[in-house]
Amino acid sequence: MILLDGKALLSKIKLSLCKEVSLLKNDNKRPPHLAAILVGDNPASQTYVNAKIKACNEIGFESTVINYSTNVKQDVLLEKIKDVNDSDNIDGLIVQLPLPNHIDEHLVTHSISHKKDVDGFHPINIGRMVLGLDCFLPATPFGIISLLDEYNIATSGKKCLVIGRSHIVGTPMSILMSRNTKIGNATVTLAHSKTKNLDSLTKEADIIIVAIGVPTFLKSHMIKKNAIVIDVGIHRIPSQSNKSGYKLVGDVDFHELKEKTAYITPVPGGVGPMTIASLLQNTLYSAKKIIYSHT
Ligand code: NAP
């Protein structure tokens, strides 16, 4: 079993992004700038935003966090998003999900300009991804592709099962794995909560990508020997042995099935850091376009 180490790859990507910031500086240009909107006081959302901002600081990107209380009005968010869309100094904007129930998540995320949509959620970016055109790839699927590429995993002709069909992970992941690209060319099956006999699909799959939000769902008896397992899930579960009072687990029962796999992502340290890496890469890509369009 080989661990797919997202934390190590994030460090490597950060080094190359640091060099890109230096090149911009040498060219008398400003650094890339990521803005994040955080609504409410959900501890997990705060942790995710903090991790993204910390990564920006480490590589010399500028960052701004825009905080709102849980009862913020939707119009206030939309107005702020418009300001950021119009700003020449901000290259990427993310809205940390989930949002409170009174806010229309689609309306808010789709009001981010597709040119600053570094999470890759906007319909224009999703549409361009499907057509294989230049776009921001959705951050988590993009990170998974980068991880498979880093470990030179051959995906062509392999049976790839994606479990979960969310707009931000499962659905775009299934599209990327079936593209005619180096990491791609897999024969993809997309499973969801209505899928029957899931076990028969997991047992046949060469590559299994699990993004369902059910802790330790995928078990050893469900996979074939030497499968490649990518765990997108992330859950805090109570643990007395940890000082924090909780531990992180994924959608895969890592300890039970790891030895049966050829490659597997750990939680934490697998897909999570790669989502951050993609966000930073997308922000740099946007910054270069915005900065050099003014020269
Ligand atoms: P989501 O929007 O909650 O959707 C879950 C999907 O899983 C749905 O398509 C659902 O099917 C399917 N599903 C649920 N239970 C199932 C079951 N027992 N068997 C088969 N399919 C099932 O998911 P998401 O936003 O993609 O998030 C999934 C997990 O990934 C969560 O734990 C989330 O926290 C984590 N996540 C991690 C990262 C990261 O960077 N590491 C990024 C994003 C998300 P239906 O469509 O039929 O309801």
For K203, counting only aspartates and glutamates whose alpha-carbon sits under 19 Å away and dropping same-chain residues fewer than eight positions off, the answer is D231, D251, D253, E256, E259
Once both axes come from the Cα atoms, what is the angle between helix 271-293 and the longest principal axis of the chain, in degrees from 0 to 90, rounded to 10?
-> 30
Which whole-Hz ³J(HN,Hα) couplings does region 221-227 yield from phi under the Karplus relation 6.51 cos²θ - 1.76 cosθ + 1.60, θ = phi - 60°, glycine and proline marked x?
-> 5, 8, 10, 8, 4, 6, 5
Cα long-axis angle, helix 74-86 against the chain (0 to 90 degrees, to the nearest 10) = 70
Return one number: the angle in degrees, 0 to 90 and rounded to the nearest 10, between the long axis of the Cα atoms of helix 139-150 and the longest principal axis of the Cα atoms of the chain.
-> 60
Pick from P172, P215, P238: which residue has the top mean-square fluctuation in a GNM of the chain where Cα pairs under 10 Å get a spring?
-> P238
Under a 5 Å amide H to amide H cut-off, with H placed in plane at 1.01 Å, what residues pair with I209 once short-range neighbours are removed?
-> L161, V162, I163, I230
Rounded to whole Hz, the Karplus (6.51, -1.76, 1.60) HN-Hα couplings of region 112-118, x for glycine and proline | 5, 4, 4, 7, 10, 7, 6
Helical mean residue ellipticity (222 nm; -39500 (n - 2.57) per DSSP H run of 4+; nearest 500) of the chain | -12500 deg cm²/dmol
In what sequence, highest mean first, do 60-66, 178-184 appear when ranked by Cβ atoms within 10 angstrom?
-> 60-66, 178-184
Hey, can you rank 32-42, 187-197 by average C-beta count inside 10 Å, highest first?
-> 32-42, 187-197
Show the residues, 5+ positions off or on another chain, whose built amide H is closer than 5 Å to the amide H of V65.
-> A36
Averaged over all directions, how much area does the convex hull of the C-alpha atoms of the chain cover when projected, in nm²?
-> 15.9
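Every number here is computed from the coordinates shown, using simple stated rules; none is lab data. All values reported here derive from a predicted model rather than from experimental measurement. Positions of Cβ are generated from backbone atoms using ideal geometry, with glycine treated the same way; all protein chains shown enter the neighbour counts.
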